[in-house]
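Take a look at the structure set out below.
The values are calculated or read from the model by the stated rules, or taken from the named source; none is laboratory data. Given the structure is predicted, the values throughout are model-derived calculations rather than measurements. For neighbour counting, all protein chains shown are included, and Cβ atoms are generated from backbone atoms with ideal geometry for every residue, glycine included.
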Amino acid sequence: MRVELDNLTKSWDEVIGADSITLDIADGELVAFLGPSGCGKTTTLLMVAGIYKPTAGTISFDGQVVNEVAPKDRGIGMVFQSYALYPHMTVFGNISYPLRLQKLNKGVIKERVQTVADMMGIGDLLERKIAQLSGGQQQRVALGRALVKEPQLLLFDEPLSNLDARLRLTMRGEIKRLQEDLGITSIYVTHDQVEAMTMADRIAVMSKGVLQAYDVPEALYDRPKTLFVAAFVGNPPMNFFDVEVMRVNGDLRAKSDAIDLVIPHDRGEKAAAVDGKVIMGVRPEDVDVVDDASPAAEGLTLAGEAVVVEPLGREDLVGISINGVDLRVLVDKTRGVRVGDTITLVFNTSRAQFFDPETEASLLWA
Amino acid sequence: MTQQIEEEADALARAAVGAPGPQRRPLGRRVRSTASAYGFMAPAVALVLVFFVASGLLLLILSFTDLSSANFSRAWNFIGLDNYERLFTDPFFPKIARNTVFYVVTTLIVFNLGLALVLALVTTSIPRRAGFFFRLVWLLPRLTPSVVYILMWQRIGAGDPFGIYNQIVPEFLGASGGNLIFGGSPWAFVILTNGFNGASFGMIIFTSALESIPKDLLTAAKVDGAGTWRIIRDIKIPMIKWPLLFIATYQTLSLLTSFEYILLLTEGGPGLFTTEVWALTSYKRAFATYFGNSQWGYGATWAIVLVTIALLLAVAYVKLFRFNELIEEPRIENL
Ligand SMILES: Nc1ncnc2c1ncn2[C@@H]1O[C@H](COP(=O)(O)OP(=O)(O)OP(=O)(O)O)[C@@H](O)[C@H]1O
Ligand SMILES: [Mg+2]
């Protein structure tokens, strides 16, 4: 099912939950709503579900405006962070509830519940009370309940946030596989950008009720249109520097008190045209730590001091201070970086981002 | 000092539950930890002992005598089971028993549970402030002494030429006046007066229970396809099962022993025992017989039988509604 949101807005007196959200979701696509807490993800989702009535704007399913359609007639299934299972019913009672409301005959209900439960790997738990299940099992029941009525649209509101890290990884894969196999259009709300990047066909990044960007994951990562998107997408987050981009002997150089780096022309032209400071962004993986500055890296090399070392397992996340300017880089464990070490850094400026400090818009992609 | 209090409390609590006292006080940790538990129970136990067990026993003894205002200066005259025989062979006994069941069941189902639930459901479905205001207004009679509340209704419904109703309705609406209490249905008047006030207790309890149902559950039910009625039936009512059963139990018992509404509104009339209930009979026999003769012994008999029924009902409710499922074993183990 195709879903279109057109200038969708929800406000309560003073508070704006969602502000003129416009986006379209193709049939069978999984779209993630990504953003920090309170940015309006749940609000938007609940409008799509029909629980909240939009203050303005429209929601269309397959070209039909559904603003006035009751939740039960929208053909949706929903999964919640809290699972929202009915505690006084058994697993069977929970999964069969949507079908019982449709007044299907008992045999059909039993068969469909069993099929879905088997698919979710909880086929032998049907007689259990909800309180007798683990968190992971409960989430499978919730998923089963959402799937059993064969919805046209699946809505997930942070479904994995209550699970431990390992289980989250497993469930992430399972949900994605199920969604692809069944080809159900889905909206997946999360504040975990790894979840969004790995699962979604496209990601809608939101902030303070406003849709900041809507694109495929690689595009958001490589070509962020706003400072917010650049900062929010990617883990560990992008490093930012206040610099002035200027022409020196036909080269473009990003300069500040602490920094002086050569920037390729295709990256820096627009930034150079700005009169005054711009914000330069460099991802941690675009900075290499080397033993000695090579002549080839002339104009791309800076030296700093390690101030924090966080072991991540395979790599260390090292906080470095370059004359008082802080950045974070990923360093191979074998280098054995220690706090206080002097580090030589080579910047891959051909992947640097530039933003206007006033509008926070990209000087490359906007 | 503390030790002494604990020991006394221990003895008291043991006496209350009929447990044998310790022969030699063992010094094990177990005993000491249970002793402090009994210590905490002691105030409640003392209250029950003085105000329920002691007065109950007194009443029981009284019910085997013919003590009345005519012979109270003489020694108590024990007459065996005569009072009980008299009670069960009283020609109005079946009527009073039926009245009591009717009064309790109707008020309970229609008002204390039914109306209370409706009020709670409605006031939690409208905007919060409106719901709060509505409940506040409905609670006002509870802030008034119930006698004042009852007398107000009594004045409103009183017969010609009194009664507020009589002053207003014939004058402005052209309908004929009359005695609202006796002219209409006396039962309806009594039950309405009691029920409107009685519903507010359940209303408050149910409201807080309804408001503590997680929002996600209601959203899930809507998405699953449930309409208002199915949400009430399948989600809300099962989720407030315990408060419902509690109110049912509590109100049954308090209705069984309440008679002030009937006493003040109809005195059990009109005519013979039309609205007389058990507790009122007991009160009348003991304190307000027409011939100026208070039959304390006979009144006590009515009270004892009623208390027995109430106790049996309480046990039945606890068993039937399985209230013990609510009580979990303490998680903290005694070390
Ligand atoms: N019923 C409501 N009444 C008033 N304000 C609300 C209501 N629901 C949400 N809001 C406000 O709207 C904004 C967006 O809330 P929303 O629940 O959509 O955030 P979210 O992105 O889902 O956050 P989280 O990640 O914490 O779940 C918040 O500022 C919130 O306070
Ligand atoms: Mg949310």
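B:Leu264 versus (1) crowded, with 19+ Cβ neighbours inside 10 Å; (2) assigned to a helix (DSSP H, G or I); (3) not charged (D, E, K, R): which is the lone unmet condition?
(1)
Going by the structure shown, is A:Thr349 surrounded by 15 or more Cβ atoms within 10 Å (Cβ to Cβ), free of Cβ contacts under 8 Å to residues at least 60 places away in the same chain and of a type outside the set (A, V, I, L, M, F, W, C)? If you could, list the steps in order and put the result at the bottom.
Numbers: surrounded by 15 or more Cβ atoms within 10 Å (Cβ to Cβ): yes; free of Cβ contacts under 8 Å to residues at least 60 places away in the same chain: no; of a type outside the set (A, V, I, L, M, F, W, C): yes.
Criteria not met by A:Thr349.
Using the structure shown, decide if A:Gln137 is farther than 24 Å from B:Arg230 by Cβ, surrounded by 15 or more Cβ atoms within 10 Å (Cβ to Cβ) and of a type in the set (S, T, N, Q). Break it down into steps so the answer makes sense when it comes.
Values: farther than 24 Å from B:Arg230 by Cβ: yes; surrounded by 15 or more Cβ atoms within 10 Å (Cβ to Cβ): yes; of a type in the set (S, T, N, Q): yes.
Taking the combined requirement at face value, the residue satisfies it.
Those residues that are exposed (fewer than 13 other Cβ atoms within 10 Å of the Cβ) and modelled with pLDDT of 90 or more, I need them from the stretch A:308-331; list them, please.
So in the stretch A:308-331, the residues exposed (fewer than 13 other Cβ atoms within 10 Å of the Cβ) come out as A:310-314, A:323-324.
Result: A:Glu310, A:Pro311.
Among the residues of the stretch A:160-180 satisfying the criterion of being surrounded by fewer than 21 Cβ atoms within 10 Å (Cβ to Cβ) and within 16 Å of ligand 2 (Cβ to nearest atom), which is farthest from the chain's Cα centre (by Cα)?
The initial filter retains those residues of the stretch A:160-180 that are surrounded by fewer than 21 Cβ atoms within 10 Å (Cβ to Cβ), namely A:161-174, A:176-178, A:180.
Okay, now just the ones that are also within 16 Å of ligand 2 (Cβ to nearest atom), so A:161-162.
Values: A:Ser161: 13, A:Asn162: 17 Å.
Top of the filtered list is A:Asn162.
In this structure, is A:Gly183 in the same structural domain as A:Asn323 (by TED's automatic domain parsing), small (Gly, Ala, Ser) and more than 16 Å from ligand 2 (Cβ to nearest atom)? Let's see the steps before the verdict.
Values: in the same structural domain as A:Asn323 (by TED's automatic domain parsing): no; small (Gly, Ala, Ser): yes; more than 16 Å from ligand 2 (Cβ to nearest atom): yes.
The answer is no for A:Gly183.
Quick one: A:Tyr221 ticks every box in (1) surrounded by 19 or more Cβ atoms within 10 Å (Cβ to Cβ); (2) touching a Gly at 6+ places or on another chain (Cβ under 7 Å); (3) closer than 11 Å to A:Gln353 by Cβ bar one, so which box is it?
(1)
Kindly evaluate A:Tyr52 against the criterion of being of a type in the set (Ser, Thr, Tyr) and within 16 Å of ligand 2 (Cβ to nearest atom). Quick ask: steps written out before the conclusion?
Details: of a type in the set (Ser, Thr, Tyr): yes; within 16 Å of ligand 2 (Cβ to nearest atom): yes.
So A:Tyr52 fits the description; yes.
Could you tell me whether the stretch A:71-80 includes any residue that is of a type in the set (Gly, Ala, Ser), modelled with pLDDT under 90, away from ligand 2 (no atom under 16 Å from the Cβ) and crowded, with 16+ Cβ neighbours inside 10 Å?
First, the residues of the stretch A:71-80 that are of a type in the set (Gly, Ala, Ser): A:75, A:77.
Still in the running and modelled with pLDDT under 90: none.
The answer is no, given that none of the residues of the stretch A:71-80 is of a type in the set (Gly, Ala, Ser), modelled with pLDDT under 90, away from ligand 2 (no atom under 16 Å from the Cβ) and crowded, with 16+ Cβ neighbours inside 10 Å.
Collect the residues in the stretch B:54-88 that are within 27 Å of the chain's Cα centre (by Cα) and without any contact (Cβ under 8 Å) to a residue 24 or more places away in the chain, keeping them in residue-number order.
B:Ala54, B:Ser55, B:Leu57, B:Leu58, B:Ile61, B:Phe88
If I ask for residues that are modelled with pLDDT under 90 and either away from ligand 1 (no atom under 16 Å from the Cβ) or of a type in the set (Asp, Glu) (or both), which ones from the stretch A:183-193 would you list? Talk me through it step by step, then tell me what you get.
Taking the stretch A:183-193 and keeping what is modelled with pLDDT under 90, we get A:191-193.
Scanning the stretch A:183-193 gives a single hit, A:Asp192.
Can you say whether A:Ser20 is more than 14 Å from chain B (Cβ to nearest Cβ), within 16 Å of ligand 2 (Cβ to nearest atom) and of a type in the set (Ser, Thr, Tyr), as far as the supplied structure shows?
Working: more than 14 Å from chain B (Cβ to nearest Cβ): yes; within 16 Å of ligand 2 (Cβ to nearest atom): no; of a type in the set (Ser, Thr, Tyr): yes.
Considered against the rule, which asks whether it is more than 14 Å from chain B (Cβ to nearest Cβ), within 16 Å of ligand 2 (Cβ to nearest atom) and of a type in the set (Ser, Thr, Tyr), A:Ser20 comes out as no.
Which residues, counting only those in the stretch B:238-264, are over 10 Å from the mean Cα position of the chain (by Cα) and more than 10 Å from chain A (Cβ to nearest Cβ)? Steps first, please.
Step one: filter the stretch B:238-264 for residues over 10 Å from the mean Cα position of the chain (by Cα), giving B:238-246, B:259-264.
Answer for the stretch B:238-264, where residues must be over 10 Å from the mean Cα position of the chain (by Cα) and more than 10 Å from chain A (Cβ to nearest Cβ): B:Ile240, B:Trp242, B:Pro243, B:Leu244, B:Leu245, B:Phe246, B:Phe259, B:Glu260, B:Tyr261, B:Ile262, B:Leu263, B:Leu264.
Working only within the stretch A:98-121, note down all residues that are out of contact with any Asp or Glu (no Cβ under 8 Å at 6 or more places or on another chain), surrounded by fewer than 20 Cβ atoms within 10 Å (Cβ to Cβ) and within 13 Å of chain B (Cβ to nearest Cβ).
At the first step, the residues of the stretch A:98-121 found to be out of contact with any Asp or Glu (no Cβ under 8 Å at 6 or more places or on another chain) are A:99-100, A:102-121.
Narrowing further to those that are surrounded by fewer than 20 Cβ atoms within 10 Å (Cβ to Cβ): A:100, A:102-108, A:110-112, A:114-115, A:118-119, A:121.
The answer is A:Arg100, A:Gln102, A:Lys103, A:Leu104.
Name the residue that is farthest from the chain's Cα centre (by Cα), counting only residues in the stretch A:14-30 that are within 15 Å of ligand 1 (Cβ to nearest atom) and surrounded by 14 or more Cβ atoms within 10 Å (Cβ to Cβ).
Keep residues of the stretch A:14-30 that are within 15 Å of ligand 1 (Cβ to nearest atom), which gives A:14-21.
Subsequent filtering for residues that are surrounded by 14 or more Cβ atoms within 10 Å (Cβ to Cβ) retains A:16-21.
On the way: A:Ile16: 21, A:Gly17: 19, A:Ala18: 17, A:Asp19: 19, A:Ser20: 20, A:Ile21: 17 Å.
Here the residue is A:Ile16.
Tally the residues that are polar (S, T, N, Q) and more than 9 Å from ligand 2 (Cβ to nearest atom), restricting the search to the stretch A:29-47.
Step one: of the stretch A:29-47, the residues polar (S, T, N, Q) are A:37, A:42-44.
Add one more test, that the residue is more than 9 Å from ligand 2 (Cβ to nearest atom), and what stays is A:44.
Of the residues in that region, 1 qualify.
Might you let me know whether the stretch A:189-200 holds any residue that is touching a helix residue (DSSP H, G or I) at 6+ places or on another chain (Cβ under 6 Å), within 16 Å of ligand 2 (Cβ to nearest atom) and either more than 27 Å from A:Leu143 (Cβ to Cβ) or of a type in the set (A, V, I, L, M, F, W, C) (or both)?
yes
Filter the stretch A:40-97 for residues that are among the hydroxyl-bearing types (Ser, Thr, Tyr), more than 12 Å from chain B (Cβ to nearest Cβ) and within 16 Å of ligand 1 (Cβ to nearest atom) and give the result. Before the answer, list the steps.
Going through the stretch A:40-97, the residues among the hydroxyl-bearing types (Ser, Thr, Tyr) turn out to be A:42-44, A:52, A:55, A:58, A:60, A:82-83, A:86, A:90, A:96-97.
Still in the list and also more than 12 Å from chain B (Cβ to nearest Cβ): A:43-44, A:55, A:58, A:60, A:90.
A:Thr43, A:Thr44, A:Thr55 - these are the residues of the stretch A:40-97 that are among the hydroxyl-bearing types (Ser, Thr, Tyr), more than 12 Å from chain B (Cβ to nearest Cβ) and within 16 Å of ligand 1 (Cβ to nearest atom).
Are any residues in the stretch A:149-179 away from ligand 1 (no atom under 16 Å from the Cβ) and touching a residue at least 60 places away in the same chain (Cβ under 8 Å), and if so, which ones?
Once the filter is applied, which keeps residues that are away from ligand 1 (no atom under 16 Å from the Cβ) and touching a residue at least 60 places away in the same chain (Cβ under 8 Å), the stretch A:149-179 yields A:Lys149, A:Pro151, A:Gln152, A:Leu153, A:Leu154, A:Lys176, A:Gln179.
Can you name the strands (runs of 3 or more DSSP E) wholly within the stretch A:310-366 that have at least 2 residues being among the aromatic types (Phe, Trp, Tyr)? Full working, then the answer.
Values: elements: A:315-322, A:325-332, A:342-347, A:353-355.
Strands (runs of 3 or more DSSP E) meeting the threshold: A:353-355.
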